[in-house]
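Some notes on the structure that comes next.
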Amino acid sequence: MKILLTGGAGFIGSHTCIELIKAGHKAVIADDLSNSKPAVLERLKELTGQDIPFYNIDVADKEKVDSMFAKENFDAVIHFAGFKAVGESVAKPLMYYRNNLDTTLTLLEAMAKYNVNNFVFSSSATVYGVPERVPLVEGMKTGCTNPYGWTKLMIEQILTDAAAADKNLSVVLLRYFNPIGAHPSGRIGEDPTGIPNNLLPYITQVAIGKLPQLGVFGNDYPTHDGTGVRDYIHVVDLAKGHVKAIEYADKNKGTEIFNLGTGIGYSVLDIVKAFEKANDIKIPYVIKPRRDGDIAECYADPTKARDVLGWQAEETLENMCKDSWRWQSNNPKGYEE
Ligand code: UD1
């Protein structure tokens, strides 16, 4: 299939691009580089041996999206592009709703016009809000605690309604848990702007000496060691899940939701210890107050993805920690050489 990856220069998009090409598909990237670097594209060429067509556009821009669709003859769209910082979304909700919803609507309109019928969406476990219980199953109640999360849930609804109205449309909603790790080559990885919000990039920046110590947000949660528990998944496993999802969309109509996680919950301190052991580096940390909006525990029941998509996470936590560190240590300044 020829697949449009919006946000294909980002962390998950770039890893998915490699796995799609490995599986024999063609990839085209549309990205405005607002949260990614052009160097990613050179590295993707180096890793895949292919010149991946690239459109430096905002996918909310109707005219530019229309002319790209007119030229490319896509079979499918994987929509990664979107703003994703929780704190920023609380401060600038309208910016989040405008950007994240507009891009989706523009894509759906172009898909209808050019008869492109397969859509895979980057959703998030954040749509479960404060979970009633873990592990999380796809049918559980949803509800969000911040505008970023609401954009994900609203887009899920828009796509579900679009697929109900158009019997040719297939939609797969992928609810990601916590992607970490990097491509084993150490050539592509996560390159956050400014001080990282997420745990693993923070740890790797402490390891490289860019940040003095990790702040652990709370040690009084009802978990095995008091720190927050999450389902960390290797980004390459996650990328492979997209290959399965797009192939599923091509064969099935309607909307389907899948959790992409490992099903295993690790605490913040489990991750610190695993990183230290895998890489033989000490990570100094201090306990800080809980972070607003955080929950105690969040991990997936990944059974549906296994049974229906034939996908299952394979990488160990040790490899996730090694790959995260290989990327950071080989690229101390990320993509900025
Ligand atoms: C966060 C977002 C979530 C988003 C996901 C992917 C919040 C509240 N949630 O998930 O909506 O989909 O990223 O980008 O921001 N931690 C520390 N110290 C740190 C950083 C994190 O102790 O410096 C802890 C957190 O309290 C949490 C765990 O590490 O228990 C994971 O945090 P993080 O990597 O930010 O992911 P989530 O909060 O799960």
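The values are calculated or read from the model by the stated rules, or taken from the named source; none is laboratory data. If you're wondering where the values come from, they're calculated on a predicted model, not measured in any experiment. All Cβ positions, glycine included, derive from the backbone under ideal geometry; neighbour counts span all protein chains shown. We work out accessible area using only protein heavy atoms, side chains counted, and drop any ligands, DNA or RNA first. Shrake-Rupley method; radii C 1.70, N 1.55, O 1.52, S 1.80 Å.
A few remarks follow.
- When the alpha-carbon atoms of region 266-316 are used, the pair Rg, Dmax equals 15.6, 43 angstrom.
- Look at the Cα gyration tensor of region 199-337: its axes a ≥ b ≥ c give a/c of at least 1.5 with a/b at or below b/c, and that counts as oblate.
- Percent accessible area from carbon and sulfur atoms, region 1-130, protein chains only, probe 1.4 Å: 51 percent
- Of all accessible heavy-atom area on region 158-314, the percent that carbon and sulfur account for (1.4 Å): 49 percent
- For region 30-42, 3J(HN,Hα) per residue [Karplus equation, 6.51 cos²θ - 1.76 cosθ + 1.60, θ = phi - 60°, Hz, x = Gly/Pro]: 10, 7, 8, 6, 6, 9, 7, 10, x, 4, 4, 5, 5
- Shape category assigned to the chain from the gyration tensor of Cα positions, a/c cut at 1.5: prolate
- Residues in region 294-302 carry Karplus couplings, in order, of 6, 10, 5, 9, 8, 8, 8, 9, x Hz; the curve used is 6.51 cos²θ - 1.76 cosθ + 1.60 with θ = phi - 60°, and Gly or Pro positions show x.
- The charge dipole of region 1-132, taken about its Cα centre with unit charges on the Cβ of Lys, Arg, Asp and Glu (plus for the first two, minus for the last two), comes to roughly 120 debye.
- Dipole of the chain, positive end: most advanced residue of 23, 289, 233 [Cβ charges, Cα centre]: 289
- Sparse packing (at most 16 other Cβ atoms within 10 Å of the Cβ) combined with a DSSP loop state is found for none of the GluC sites (Glu not before Pro) in region 37-71.
- For region 68-182, the square roots of the Cα gyration tensor eigenvalues, ordered a ≥ b ≥ c, give a/c of at least 1.5 with a/b greater than b/c, which places it in the prolate category.
- Near residue 229, the amide H atoms lying under 5 Å from its own belong to 297, 298; only residues 5 or more places off or on other chains count, and H is placed 1.01 Å from N.
- Dipole magnitude of the chain, debye to nearest 20 (Cβ charges: Lys/Arg +1, Asp/Glu -1, about Cα centre): 120 debye
- Remark: region 140-146, residue by residue, has Karplus-estimated 3J(HN,Hα) of 5, 4, 10, x, 10, 10, 7 Hz, where x stands for each Gly or Pro and the curve is 6.51 cos²θ - 1.76 cosθ + 1.60 at θ = phi - 60°.
- Under 5 Å between amide hydrogens, built in the peptide plane, is the criterion, and for residue 83 it picks out 100 among residues at least 5 positions away or on other chains.
- The residues of the chain have, on average, 44 Å² of accessible surface per residue, using a 1.4 Å probe with all protein chains present.
- The Cα atoms of region 1-157 cover 46, 32, 29 Å along the three principal axes, with the biggest extent listed first.
- Charged-residue dipole, Cβ positions (Lys, Arg, Asp, Glu), region 128-231 about Cα centre, Debye nearest 20: 140 debye
- Of the GluC sites (Glu not before Pro) in region 68-173, those whose Cβ has at most 11 other Cβ within 10 Å and which sit in DSSP loop: 132
- When both region 192-229 and region 1-65 are represented by their alpha-carbon centers, they are found 29 Å apart.
- Gyration tensor (Cα) of region 184-248, equivalent ellipsoid semi-axes in angstrom: 27, 20, 9
- Database remark: amide H of residue 26 closer than 5 angstrom to the amide H of 2, 3 (H placed geometrically; neighbours at sequence offset of 5 or more, or on other chains; Pro and chain starts carry no H).
- Cleavage-rule hits (trypsin sites (Lys or Arg not before Pro)) in region 212-274: DSSP loop, at most 16 neighbouring Cβ within 10 angstrom: 253
- Set 64/333; 22/64; 210/273; 71/152 screened for pairs whose C-alpha atoms are more than 26 Å apart: 64/333; 22/64; 71/152
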